[in-house]
Amino acid sequence: MTISRDYQILAGLTLVFAILPLFANQFQLTLLITLLYWAYLGTAWNIMGGYAGQFSFGHSAFFGIGAYTSTVLFLNYGISPWLGMFVGAGFAALFGAAMGFLTFRFGVKGHFFALATFAFAEMSRLIAQDSDFINSTIGLTMPIIGGDSWSQMIFEDTKLYYYIVILGMLIVATMISIWIYRNKLGYYLLAIREDEDAAAALGVDTLRYKIIAVAISAAITAIGGSFFAQRFGFIDPALVFGVSISIAVLLRPIFGGSGAIWGPLVGAIFLTPMEEFTKIFVRNPPEFLSFMKGRAGFDVLLFGVIIIIVVIYMPDGLVGSIPQWLERLRRRLRGQSQSATQEAAR
Amino acid sequence: MLTIENLEAGYGDVKVLFGVSLEIQAGEIVALIGANGAGKTTTIKTLSGLLRARSGRIIYDGQDITHWQSHKIVAAGLIQVAEGRKLFPRLSVLENLELGSFLRKLRANRAKNLKHVYSLFPRLAERKNQIAGTLSGGEQQMLAIGRALMSEPKLLMLDEPSLGLAPMLVQDIFNVVQGINDDGTTILIVEQNAVQTLRMAQRGYVMEHGKITLSGTGDELLHDDRIRTAYLGL
Amino acid sequence: MSKILRIVGLMALLMMSFGVMVTTAQDDMMVVRIGGIHPLTGFLANDGLGMDQAIQMAVDEINEMGLVPGITLEYVSADSTGAADVGQQEAERLITEEGISVIIGTFQSAVTGNVATVAAREGVPLIIDVAAASDITERGRDADGNQWTFRIQPNADVMGTFAAQYAVAMTSAGGGELGSVAYLHEGVTDYGRSVYGAFEAEAANIGLDIVETVGYEFGADYTTDVTIVGASAPDAVMVTGYYGDGLTIAQNMEAIALDVPFVMGVAQGTYDQDQFVADAGSLAECFFNSNYRWDNLNPHALAVRARYAERFGEGMTSADVLAWQATYIAADAIRRAGSGDTAAIQAALLETDYEYHIMPYDGSITFVDGETPNAIPVVMQVQDGAVKQVWPPEIAESEPRFCTSWGG
Amino acid sequence: MEWKQYRGSLIGGLVVISLFAILIYNNVDWRACLEPEAEGFVLSCVAENTSAWYARYGVVMRQATVSGLLIGGVYGLVALGLTMIFGVLEIINFAHGALMTVGLYITFILFDTFGIDPYLGLFITVPLLFFIGLIVYRVVIHPARDAPHHNQLLLTLGLTLLIENLLLMVFTATPRAIRLDYGRGETNILGLFVMQFPIRIWRAVITFDKLLAFLGALVVTAILYTIIQKTDLGKAIRATAQERDGAALVGINTDWINMITFGIGTACVGAAAALVLPFRPADPTAGNLFNITAFIIVVLGGMGNAIGALLGGLIIGLTQELTGIFFPGSPDLIGVFVIFILVLLFRPQGLLGQAA
């Protein structure tokens, strides 16, 4: 695929997503926002966890830093979130770089790196919970302004505006992701993922490029955190620094295919409706499962089962596995007669 | 004793073996030589069941073992001394050797075999309580061969036994291999060190790009011009 | 180019799955739907599930008795999973997809605040059954200042304030004097801190000395936390937290034989529960809790709890009772509004004057700025294996006893 | 002689010293000693105030130490199971805590329905969890053996959702607690002698159930350690953890070892569950807490290291309890994570692990 191909796909998708709201009611619009939103965060994670192969289990640290920075700047100093989100991105990038420097410097990798990121995220949650200047566990609440304000990024009447913002963010993040993937940085990162020692032997400054990947990923994630704060109007440490954010962020890219440009988006397109489906299924189950109706937990259970099945049967994620399936299917359809003759030849 | 027919294998999307066929008679020393990346190690790994064959057949002692798992292949007496030795680095020398006779039917002979290994490699006896990871390269190779002997091989496959060893030690190792063969064990040896190997081997195969391109007795190959220029540097 | 089309097409196809989202038709004019949002999964599911059942029971009763003439109520429940963003999303779903006219919920302050914002924005009334944080009712106002969120529970300020006053009053009624207290509260969610904050403010007000404060994490063992509290040798120990931690803390107090004959929960989730008595046995004796509560002297309250126990095979907690009560308040407003029109229901809620409640409040339930002004907590104590109301004296079933079950 | 050799102990020492400095800074009224009207030398005044502080809070420190060690033993047992799975299968088993929750409920049912004492129930819980582990491995983990590692993490996450919500559906979320009718006051120990519980050491208490949990954890750890060190199975497990191909080449059925290891690891949390239920109620998410500490302990103690797991458990238990005193008002877990990150940075192979 050439470079322009990726952008062509992006343009096509943008078109689809631009048209979709015309057919969506308010709640479906909510789901679409959620979908794009997780696709966005997944894209951020993918740069570090997918391209560079540095599995992060603590993206909530960056997320929370972003959410809190823009919100505090907005609430205490009246600085617009449009500006604040970039300040948050800067902080998160610095934090990420520092974390990356510390861990990579000492040769922490693989599972240990994943656990280290988790520890950093949990520590930031605990510190936030204990910091009175950001209102500790009580959290921060956006003011109600009674309308839509582009300058404050608060849209109380028109949900579509949030959709537009997150779609724009996703497009930019995807463009960054494509750019990285198709350029020197991306090749270096992939080389590091495949064989770090070999990459180092070839003269790639692995420490530097890994830190760059972490910083970029952190910055994009932090902006997602700012968007979260604006969209939901409320943040507290358990919510934005919690482990559930870290899990949700990595779920989509792995599901869709980590290390692939379109993995996070495909994962989000698949998972977000799937999550809703399980809920709908439990609310209105088919006749023979009617005893399951309204049983709390059954939807999440189903979601868990789906994850297990997909991971087992699609080890390379949707992006990697679906073409393989199609290929196998085609081969089977076409090759039935061929293999028969081969067998006979033996 | 061992017949390979049209073996194909590889890693992930990369195919390495493109239809390898060879044969080993009981009691022989057979050499498999070729350049780096020709597929020698892949062949041996597939024989040991560490790698799945994509197609082709492996017949050992009249049985089709193509799809057997490693531990079953080991139980049948087809033992590999792997490239890079694959020792248990944090276990002691003795524990490594004992694990060589992990299979139940071998445990009865454990003491006897241990004695035999120690007589072949007195160094191992001296260092039996040392942690394997701290041994020198030569000692590790001795331990790898010793561990394989603990499994009472009928066919012993050695993958680059001389790799990274001092020339003195290389000769020792070759002598031991010859001795093992004299005791009645069939041997398949993969080596970069082609001259020495072909001198010792009754027959040899040359691999190139995942295929067998030449075969013959050790002597024939040693004097083949193509071999001499390509692999022996003569 | 065909490859691009195929990928875009594939994604578009996946998007179509949205089309399958089931939308429920509004078939019957006589049906008004009530939505409930509670944590039905996750670590607070214990509380949320009971409240969900209580609302279902109330709706069934109201329909059966025809309390809302010409209208059948229908209950739609939703799971917040304990997360504020999920709760908010579910509120949006209930409003736009399920067409509900009133929301009842949601147990946690963080979730409730978000739902209140959505409710105000969308113009749908929210009746809080349980959620303590005081500012939620403010967040439930739209830009024109219309109140969309209503609470029948005493909020964190009220509960913290009253607990401090009750503690002092109870001690002096018993002939003693309360000089110092130590406070243990969960330090993970806003609930622990906001209740403690209110208590602290009132304590400063009335000259009550707080000699030690421990904000604990959820863990397997609280012996050290309890020891810290004990080392400050207070006259009383206050505890704010959820069920599981409260139970373990009680066991740990017994273990170190805490020498303080006055342990009281403040809006706490354990010490006024029948399950506490069942789980902890004799250990439960003497524990106080100042909490929201039904009026145990009211025979209707006992009947409601008996019906609940019969139907669901488990005891009805205070939170369940509040959820049940909130449903009746909603039904009352729907009856007066005469339809499922949300604005009419909101107007009716503003006018609420409901005297048939089973809460221990003096007079009927009304709303001022979304709060019930006469909503107060009650002090309960486990006495002889039963939870008794002991304070304030007007509704006390028994005198408070200052003791510990481990003999202090 | 390189300073690197001493780096670990140097940093450890500095951490301990600074912890005590912070303790005194935070808790002792040293500022009063700087006032002009303060009597005597500043240092002796601080010392005096420190001892006055200790007179009041000494019991807290002793209690924290005792509590930390007792619960640390259980943490160690949970971590032992995780570290074995980690070592052999090279996966982060996120479902470890969820499987412990299963153990809690089994123990509860045994007690509540069949009246079987939880300590006696160990003999049912442990084998049962072992078999559950085998089944889980066979059905869920094995099919994805060759998938990338992060997939297995996702897999165990999915498994956690499955288990937690299955338990929620079956048992509801009501916490299930049991209360033993012995172990308080005079307690007859196996008819051999009579002991007074809780035991008091300088006013710090040790309750019967926690002591038993601690001792039980030690015994199970010791048994497992012996199995791992002495038996052929144990050697095969260690061999597989160290060199999978090598293990296959000596005839070890590594798939089978994977399964057995997963079973043993799960049996560990079965034992831990039976030991903690007397003082920790069961609810569908009860295992999460143990899960997170276990991850940290695994790194701390060195992957696949049994003694390291136990030691790590004790350290984490202690840290968790002591942080609450060292930094009043801050969450207990902060100290745990600080230690965790320090170990990751300076001794990534763990306290007892060998350098790669």
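The values are calculated or read from the model by the stated rules, or taken from the named source; none is laboratory data. These numbers come from a predicted model, not from an experiment. No Cβ is skipped: glycine too gets one built from the backbone with ideal geometry, and neighbour counts run over all protein chains shown. Only protein heavy atoms, including side chains, enter the accessible area calculation; ligands, DNA and RNA are left aside. Shrake-Rupley method; radii C 1.70, N 1.55, O 1.52, S 1.80 Å.
The set of residues in region A:65-109 being among the small types (G, A, S), more than 24 Å from A:A173 (Cα to Cα) and crowded, with 18+ Cβ neighbours inside 10 Å is empty. Scan region C:354-390 residue by residue and report those that are open to solvent by less than 40 Å² (accessible area, probe 1.4 Å), in a strand (DSSP E or B) and under 26 Å from C:I329 (Cα atoms). Within region C:354-390, C:Y354, C:I365, C:E371, C:V378, C:V379, C:M380, C:Q389 qualify.
In the set (1) open to solvent by 10 Å² or more (accessible area, probe 1.4 Å); (2) more than 7 Å from every other protein chain (Cβ to nearest Cβ); (3) in contact with a Lys or Arg (Cβ under 8 Å, 6 or more places away or on another chain); (4) among the β-branched types (V, I, T), the condition left unmet by C:I95 is number (3).
For (1) surrounded by 13 or more Cβ atoms within 10 Å (Cβ to Cβ); (2) modelled with pLDDT under 80, each residue gets a yes or a no:
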site	(1), (2)
D:E2	no, yes
D:R7	no, yes
D:V46	yes, yes
D:G58	yes, no
D:A64	yes, no
D:S67	yes, no
D:G87	yes, no
D:F94	yes, no
D:L99	yes, no
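It is to be established whether one or more residues within region A:260-275 are open to solvent by less than 30 Å² (accessible area, probe 1.4 Å), assigned to a loop (DSSP other than H, G, I, E, B) and away from chain C (no Cβ under 13 Å). Within region A:260-275, not a single residue is open to solvent by less than 30 Å² (accessible area, probe 1.4 Å), assigned to a loop (DSSP other than H, G, I, E, B) and away from chain C (no Cβ under 13 Å). Do you know which residues across region A:231-244 are more than 8 Å from every other protein chain (Cβ to nearest Cβ) and surrounded by fewer than 24 Cβ atoms within 10 Å (Cβ to Cβ)? Correct list: A:R231, A:G242, A:V243. Say we look at region D:299-314 and pick out the residues that are within 19 Å of C:G219 (Cβ to Cβ) and buried (at least 24 other Cβ atoms within 10 Å of the Cβ); which of these is modelled with the highest pLDDT? The residue in question is D:G313. Consider C:T327 carefully, then state whether it is crowded, with 23+ Cβ neighbours inside 10 Å and under 26 Å from C:I37 (Cα atoms). Against the criterion (crowded, with 23+ Cβ neighbours inside 10 Å and under 26 Å from C:I37 (Cα atoms)), C:T327 qualifies.
If you check C:A284, C:A255, C:A250 for being under 16 Å from C:L184 (Cβ atoms), more than 9 Å from chain D (Cβ to nearest Cβ) and crowded, with 21+ Cβ neighbours inside 10 Å, only one passes: C:A250. Answer with yes or no whether A:S226 is at pLDDT 95 or above, crowded, with 24+ Cβ neighbours inside 10 Å, away from chain C (no Cβ under 12 Å) and touching a Pro at 6+ places or on another chain (Cβ under 9 Å). Yes, satisfied. Are any of the residues in region B:22-44 within 14 Å of another protein chain (Cβ to nearest Cβ), on the phi < 0 side of the Ramachandran plot and not β-branched (V, I, T)? No, the conditions are met nowhere in region B:22-44. Among residues of region A:63-76 that are at positive phi, none has a Cβ under 8 angstrom from a residue that is assigned to a helix (DSSP H, G or I) and open to solvent by 10 Å² or more (accessible area, probe 1.4 Å) at a sequence gap of 6+ or on a separate chain. Against the conditions (1) open to solvent by 30 Å² or more (accessible area, probe 1.4 Å); (2) more than 9 Å from chain D (Cβ to nearest Cβ), C:D245 satisfies every one except (1). For region A:115-128, a tally of residues being among the aliphatic types (A, V, I, L, M), more than 7 Å from chain D (Cβ to nearest Cβ) and touching a residue at least 40 places away in the same chain (Cβ under 8 Å) returns 2. If we scan region B:151-169, do we find a residue that is buried (at least 21 other Cβ atoms within 10 Å of the Cβ), farther than 25 Å from B:R110 by Cα and at pLDDT 85 or above? Yes: region B:151-169 contains one or more residues that are buried (at least 21 other Cβ atoms within 10 Å of the Cβ), farther than 25 Å from B:R110 by Cα and at pLDDT 85 or above.
Those residues that are within 12 Å of chain C (Cβ to nearest Cβ) and either at pLDDT below 85 or crowded, with 24+ Cβ neighbours inside 10 Å (or both), I need them from region A:245-254; list them, please. Once the filter is applied, which keeps residues that are within 12 Å of chain C (Cβ to nearest Cβ) and either at pLDDT below 85 or crowded, with 24+ Cβ neighbours inside 10 Å (or both), region A:245-254 yields only A:I245.
Scan region D:268-289 for residues that are assigned to a helix (DSSP H, G or I) and either in contact with a His (Cβ under 8 Å, 6 or more places away or on another chain) or open to solvent by 10 Å² or more (accessible area, probe 1.4 Å) (or both) and the total you get is 4.
Looking at C:T161, is it under 16 Å from C:V368 (Cα atoms) and of a type in the set (S, T, N, Q)? Against the criterion (under 16 Å from C:V368 (Cα atoms) and of a type in the set (S, T, N, Q)), C:T161 does not qualify.
Within region B:81-103, if we keep just the residues that are facing chain D (nearest Cβ under 7 Å) and open to solvent by less than 10 Å² (accessible area, probe 1.4 Å), the residue that is nearest to B:I65 (Cα to Cα) turns out to be B:A82. Please determine, by comparing only the residues of region C:56-98 that are assigned to a strand (DSSP E or B) and among the β-branched types (V, I, T), which one is farthest from C:V124 (Cα to Cα). Looking at the filtered set, the residue picked out is C:T72.
Put simply, of C:V181, C:V188 the only residue that is open to solvent by less than 30 Å² (accessible area, probe 1.4 Å), away from chain A (no Cβ under 14 Å) and among the β-branched types (V, I, T) is C:V181. Can you pull out every residue in region A:145-167 that is touching a residue at least 40 places away in the same chain (Cβ under 8 Å) and either within 25 Å of the chain's Cα centre (by Cα) or at the interface with another protein chain (Cβ under 9 Å from one of its Cβ atoms) (or both)? A:Q152, A:M153, A:I154, A:K159, A:L160, A:Y162, A:Y163, A:V165, A:I166, A:L167 - these are the residues of region A:145-167 that are touching a residue at least 40 places away in the same chain (Cβ under 8 Å) and either within 25 Å of the chain's Cα centre (by Cα) or at the interface with another protein chain (Cβ under 9 Å from one of its Cβ atoms) (or both). Comparison of C:A45, C:A78 shows that the only residue that is crowded, with 19+ Cβ neighbours inside 10 Å, touching a Lys or Arg at 6+ places or on another chain (Cβ under 9 Å) and under 28 Å from D:A282 (Cα atoms) is C:A78. Scan region B:87-133 residue by residue and report those that are touching a Pro at 6+ places or on another chain (Cβ under 7 Å) and not in a helix (DSSP H, G or I). Within region B:87-133, no residue meets the criteria. Does any residue of region A:298-312 turn out to be within 13 Å of chain D (Cβ to nearest Cβ) and under 17 Å from A:Y37 (Cβ atoms)? No: region A:298-312 contains no residue that is within 13 Å of chain D (Cβ to nearest Cβ) and under 17 Å from A:Y37 (Cβ atoms).
Do we find a residue being more than 30 Å from D:R176 (Cβ to Cβ), open to solvent by 10 Å² or more (accessible area, probe 1.4 Å), part of a loop (DSSP other than H, G, I, E, B) and without any contact (Cβ under 8 Å) to a residue 12 or more places away in the chain anywhere in region C:196-205? No, region C:196-205 has no match at all. Pairs meeting the criteria (first residue in region A:8-20 and more than 7 Å from chain C (Cβ to nearest Cβ) and hydrophobic (A, V, I, L, M, F, W, C), second residue surrounded by 13 or more Cβ atoms within 10 Å (Cβ to Cβ) and assigned to a helix (DSSP H, G or I), beta carbons under 6 Å, at least 6 apart or on different chains) are A:L10/A:T174; A:F17/A:L167.
I'd like the residue in region C:139-176 that is of a type in the set (D, E) and part of a loop (DSSP other than H, G, I, E, B) and, out of all such residues, is nearest to C:D341 (Cα to Cα). Result: C:D142.
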